[in-house]
Ligand SMILES: NC(=O)c1ccc[n+]([C@@H]2O[C@H](COP(=O)([O-])OP(=O)(O)OC[C@H]3O[C@@H](n4cnc5c(N)ncnc54)[C@H](OP(=O)(O)O)[C@@H]3O)[C@@H](O)[C@H]2O)c1
């Protein structure tokens, strides 16, 4: 239920991390017992993940023991591009099926292999495809057996309603940014009522990118007090809080010791008071606002969730 992988760097440069970094991180995560791997075409690491998975499967791990998630990127929303994009992720990962395939965002970008069609004025080049037309193609991936389940990411409640009302297959998951500074309590309530799983990305508030976003979640004094009381770290408290309220968490770390730390969250329980304190830290403080698409009608963050 927890993933640990490398993500594209904050500046979205194509020179990602050092060779083998993701392969080594995923190998260490699998060794530490992680079985949920979250990736995406955007992260450009699917081949490295595939290599790590193959080695473990050659050594006896069964395909069904691991839960692999990938995402359809914004430049692949055109109905003709959905199947090839999914097939490319499968080929790179060396898998016959994905456990879950998510639409990365509700807003579509200009079609093509430039994954970041951003103008000099800092605006994304959009296309006019509606996410429901993309969703209908994703449903066909389930029919074809290429993916076990489909879901969405960065969708607000109105957009979720639209997919639930007009889709043939219910989204299994909405993956949204969530940590103590953006609790997404309304989204969680909505997902719980509709039987959709909420997954929290940036569950630690992406401390590695702190210089860019300034949200020092793990330094929060209230969070530190709760952590001290339980003999745990602020990171463990962030993860425990989510798991305790039924949210799936996908923290990332390249360090084996932190992977172990982040998995040691099942031997303590937060009190109702702790939970209330954490919920009250909410300030709609997002790391990822995708402001390149702020003027797109489907930019999800005009609605609070
Ligand atoms: N759907 C989307 O639009 C979307 C957007 C962003 C991310 N995601 C997914 O969510 C995953 C996690 O998000 P994220 O990486 O942005 O944020 P995150 O998991 O909140 O933070 C990762 C950072 O935390 C550090 N870290 C990990 N464990 C720690 C600990 N116990 N104590 C202190 N620092 C710790 C890591 O550094 P070290 O590596 O040095 O340990 C890394 O810099 C991504 O890998 C990706 O799969 C999805």
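Each reported figure results from applying straightforward, stated rules to the coordinates on display, with no laboratory input. The model shown is predicted, which means the values in this text are computed figures rather than measured ones. A quick note on method: Cβ atoms are made from the backbone with ideal geometry, for glycine too, and the neighbour counts reach across all protein chains shown.
The mean sequence distance of close C-alpha pairs (under 8 Å, at least 6 residues apart), as a share of the length of the chain, puts its relative contact order at 18 percent. Compactness of the chain is given as radius of gyration and Dmax, 18.6, 54 Å, from Cα positions.
Sort largest first and round to whole Å: the equivalent ellipsoid semi-axes of segment 16-114, each the square root of five times a Cα gyration tensor eigenvalue. All intermediate terms of the calculation are to be shown ahead of the outcome.
Details: eigenvalues 127, 40, 24 Å².
They are 25, 14, 11 Å, listed largest first.
Here the calculated FRET efficiency for residue 303 and residue 142, from their Cβ-Cβ distance with R0 = 30 Å, stands at 0.60, rounded to the nearest 0.05. The fewest-to-most ranking of 49, 37 by surrounding Cβ atoms within 10 Å reads 37, 49.
Kindly provide the helix-only [θ] at 222 nm of the chain, computed as the sum of -39,500 (n - 2.57) over DSSP H runs of four or more divided by all residues, to the nearest 500 deg cm²/dmol?
Numbers: 11 runs with 113 residues, N = 305.
Rounded to the nearest 500, the figure is -11000 deg cm²/dmol.
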